Structures are given as C-alpha cells and as structure tokens.
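Everything below concerns the one structure shown next.
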Amino acid sequence: MDNNHLQLSEETSINEKEEPADEWEFPRHRLRIFNIVGEGAFGQVWRANAIDIDGKKGESTVAVKTLKENASEKEKSDLLQELAVMKGLGAHPHVVRLLACCTEKEPTLVIMEFVSLGKLQQFLRDSRAERHYGNTHGGSKFLTSRDLTHFAFQVARGMEFLSSNGIIHRDLAARNILITEERTCKVADFGFARDVGGTHVYERKSDGRLPIRWMAPESLYDDIFSVKSDVWSFGVLLWEVVTLGSTPYPGLSAGDVMRKVRGGHRLEKPEHCRRELYNIMYYCWEAEPSARPDFEEVVALLERLLCTETDYIELERFPDHSYYNVQHLDGEKL
Ligand code: ADP
Ligand code: MG
C-alpha cells in the first residue's frame, strides 16, 4: 500500500447529505497533504498545508491526524472522542491547539497546529549526541539544566490548564509532548483523555495497550484515573526529562514494575539529579492520591527552582551508557 498517499474522500458517495455546518468543519479540498510525521498502531499524523484556516489568509502548515484503513470502530470512536475533548478547550500556549476538522464523511480528519520539532522524548534522546559532538552547526539541541527544568515547568502549566478544565489526560508521557522550534513544550495526544465533568474520577471500562510505566497504582490495579493519577504520570515524565528520554524502570518487565510499584518501590534518583528536583517527582508518587500535589502546586514548586541559579540537573555527570532505551515491550505503550 502506498503509505505516502492519503485518500481524502471516498471516490463515490451515494448522496451528498450535508451535516449541519459546525464552526470547526473545514472543506477537505483546501488541504494539501504532504508527508507522515508520526504513526501509531491505528493513527497517522501528516504534515499538510491548509488554505485560509484559523482566520489566516493563504497557506498555513498544519498537522492532520487520521486513522489507518485497518482501524476498528473503537479507534474511530477514540478519535472522535479526542476531537470532542479538543473542541471543548480554549487556547493555551502549552497545549496543542485544534484548528478545524473534517467529519462529514470518512476518513475523519483532525486538523491541529503543526509543532515542528516533534516529540519531546526523541528531542531529548537526540540531544545526547550533542554532548559528544558539540554544537558547531545551527539548530543545535544542546541543552542546559535550566532548559530541562523549563520544559517540565511548561508541561506542568499545560496540565494545570487541562485539569482546571476537567480533563484527565491518562497518557501523559514525554512521547506525547511536542516541542516547537522556539523550544515551547505542548501537551498533545488526547486520544485517551476524558472530560470527567463533576465526578473528577474516571473508571476505565475497556482496555487496550497500556502505558504501564507511567500509571499510578490505583490506575494499574483499580482502573481509577483522576487528576492525581495524571500527577503521578507527570512525576515519571519529570524523570524522563532528567534522564534525557530514558525508558522508566530500565531492566524491569511490565509485571515487575506493577508489583514493585504496589510494594512501594519508586524510580531511583538519577545521580546527576539534585535532591530538590527529585523530591518533586517523589511527591508525585505518593501512594495515596490525595497526598500528591495538584498541578498548581507542581507549577509553583518548579517555578521556585527556576528562580534560582542552581543547576538541578548536572548534565556533565549524565551517565549516557547506564540508561538504555527499550524500544519494544510486548503489549506495552512506551
Ligand atoms: P497516537 O495516538 O498515535 O500516539 P499522537 O497524537 O501522539 O498519536 O501523534 C503521533 C505522533 O505524530 C507524535 O508522536 C508526533 O511525532 C506526531 N504529531 C502528532 N501531533 C503533531 C502535531 N500537532 N505537530 C507535529 N507532529 C505531531
Ligand atoms: Mg501518542
């Protein structure tokens, strides 16, 4: 199958029954699809040009999320759910913004702002090489302790915004944070997210591939998700940032992680991470959800670190070799 060709509409549609126009609907013919920029088991994200979108005249680069042809009804409803969550959100500098959608027929297209440097996880991994080869050419990814703390702070701001809007993300991890050329981090991938309305808690009814290493014990064992389980995941994300994109709990299987986390085991303090910063992640991993901070408090704690001149992450001591990245683990989302 031709992977670089996205069919925008079915060849023949029997009757062109028009749905009532929604303020978000966008005509497909004003999109030019280019290359794939990201791909999951069922979804694909493409770079595209859109004509006259988002109140701007002329062409704009956008990201278009759609489903592969093998997607099931469940995946279709997940994409529509993701769209519904994004429609309900106002703009925030640290959350990927919905621009428009095409839902009047299949395939459904979700049109978002294009975030050019891609996943934070890969960006952090790529930055490791710069430590060895220097930063002589443009577009250097050379990172300082302050850059990394600032990334975490920005993600916390995005999450503070989502939680104040009643949204639980449920898949917060460095692979779902995107980074711009200006090094602004944005929370993305609402495929798993839910608007929990008044209850503030969500019980999962069905499952799929799970982000075990980012999940709080109550999510792993009781299927309970809340802002506080997102806070747990944020702590793991903070560890990913400090270790430049390492896979959490290196050397442990998913089953080991589940058992050990329930037994009180936590990710260890990386040697090059100062205690003050490690304490923040550790606080996010309180066994009792109500004992964890909320995102407002996490933002305040990180902001306090940013107000000092101290390097909380001593990158010159980063032991490249001792953190490896697991690429595939059966049935696990990494
Ligand atoms: P999935 O549900 O398949 O994980 P994501 O929303 O995480 O989907 O997107 C998959 C990948 O596509 C991302 O990891 C990233 O590389 C790329 N991507 C997603 N959204 C954008 C965007 N708005 N701008 C640029 N790249 C994006
Ligand atoms: Mg993703």
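Here is how the numbers come out for the structure above:
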{"read-out": "Share of pairwise Cα separations in region 21-113, more than 21 Å, in percent", "value": "28 percent"}
{"read-out": "Cα-Cα separations in region 120-317 greater than 32 Å, expressed as whole percent", "value": "13 percent"}
{"read-out": "For peptides 98-104, 32-38, 142-148, sequence by mean Cβ density within 10 Å, most packed first", "value": "98-104, 142-148, 32-38"}
{"read-out": "Under 26 Å from K260, Cα to Cα: lysines that are on another chain or at least 8 residues apart", "value": "K205, K228, K269, K333"}
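Every number in this text was worked out from the coordinates using simple rules, so none of it is lab data. Here the structure is a predicted model, which means the values were calculated and not measured. So basically every Cβ, Gly included, is an ideal-geometry build from the backbone, and we count neighbours across all protein chains shown.
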